[in-house]
């Protein structure tokens, strides 16, 4: 079975995987560390949780972060339990990153990010899923940000997202591509907006960035487009 979530650093790739044990809906989560240059993987996490779903994963220096959720058995008889685990790369036990935060159900959120000080991910706010900046080393409250569901990349201490947002002036199913940045107080900033289309024909695919620019990939109808984003 392939990875449900991935991350990497300069030396290793990290894979988070959920396997159905078929025992009263218990699942196993494993996180492995594999040398990029070749070699046997090392298991960092091997645990069983009921009704498990894995979300995003991010490299955080000496650890990786993994968003997940699980339900008590029997299914859905209690509150959804959510967490972002901090998993040290040296194999020591994982811990909860900001256990005071109500993270969103990982089943519906597929990315997580780290800018060197903050975790970026989806939290549950007023019965909705909202993207937020969550300080990792204190108990400051999360701050909602302009980043949204889609695809992300990291450039230094900046997180950039390529996302599709509603464009109601163009019709009920119309969307517009937006590149947003975590930089800019207090909620980040919108870097660029693209043309509009429908949720079927205009789909974010990828984003990368370096000091010279931001490059976005998206599907437009049957075509794949790679564009340099003007800043």
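The values are calculated or read from the model by the stated rules, or taken from the named source; none is laboratory data. For clarity, every value in this text was computed on a predicted model and none was experimentally measured. Using ideal geometry, Cβ is built from the backbone for each residue, glycine included, and neighbour counts are taken over all protein chains shown.
Odds and ends about this structure:
So that you can scan it fast, the table gives a plain yes or no per residue for (1) within 29 Å of residue 214 (Cα to Cα); (2) loosely packed, with under 13 Cβ neighbours inside 10 Å:
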position: 59; (1), (2): yes, no
position: 66; (1), (2): yes, no
position: 73; (1), (2): no, no
position: 100; (1), (2): no, yes
position: 108; (1), (2): yes, yes
position: 111; (1), (2): yes, no
position: 123; (1), (2): yes, no
position: 132; (1), (2): yes, no
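- Check on residue 198, surrounded by fewer than 21 Cβ atoms within 10 Å (Cβ to Cβ), touching a strand residue (DSSP E or B) at 6+ places or on another chain (Cβ under 7 Å), within 25 Å of residue 6 (Cβ to Cβ) and at pLDDT below 95: no
- For segment 78-120, the tally of residues that are over 21 Å from residue 43 (Cβ atoms), under 11 Å from the mean Cα position of the chain (by Cα) and either in a strand (DSSP E or B) or not assigned by TED's automatic domain parsing to the domain that holds residue 59 (or both) stands at 4.
- Residues of segment 186-214 classified as part of a strand (DSSP E or B) and more than 15 Å from residue 158 (Cβ to Cβ), total: 11
- Candidates 73, 152: the one that is in contact with a strand residue (DSSP E or B) (Cβ under 8 Å, 6 or more places away or on another chain) and modelled with pLDDT under 90 is 73.
- In segment 145-152 there is at least one residue that is assigned to a strand (DSSP E or B) and over 25 Å from residue 62 (Cβ atoms).
- For residue 185: the one exception among (1) modelled with pLDDT under 90; (2) within 14 Å of the chain's Cα centre (by Cα): (2)
- Test for residue 139: is it farther than 28 Å from residue 210 by Cα and touching a helix residue (DSSP H, G or I) at 6+ places or on another chain (Cβ under 9 Å): no
- Out of 180, 227, one residue alone is in contact with a strand residue (DSSP E or B) (Cβ under 9 Å, 6 or more places away or on another chain), under 28 Å from residue 63 (Cα atoms), not in a helix (DSSP H, G or I) and not assigned by TED's automatic domain parsing to the domain that holds residue 80. It is 180.
- Meets criteria (assigned by TED's automatic domain parsing to the domain that holds residue 189, in contact (Cβ under 8 Å) with a residue 24 or more places away in the chain and out of contact with any helix residue (DSSP H, G or I) (no Cβ under 7 Å at 6 or more places or on another chain)) for residue 159: yes
- Residues in segment 9-33 that are loosely packed, with under 15 Cβ neighbours inside 10 Å, touching a strand residue (DSSP E or B) at 6+ places or on another chain (Cβ under 8 Å) and either modelled with pLDDT of 95 or more or at negative phi (or both): 11, 19, 20, 21.
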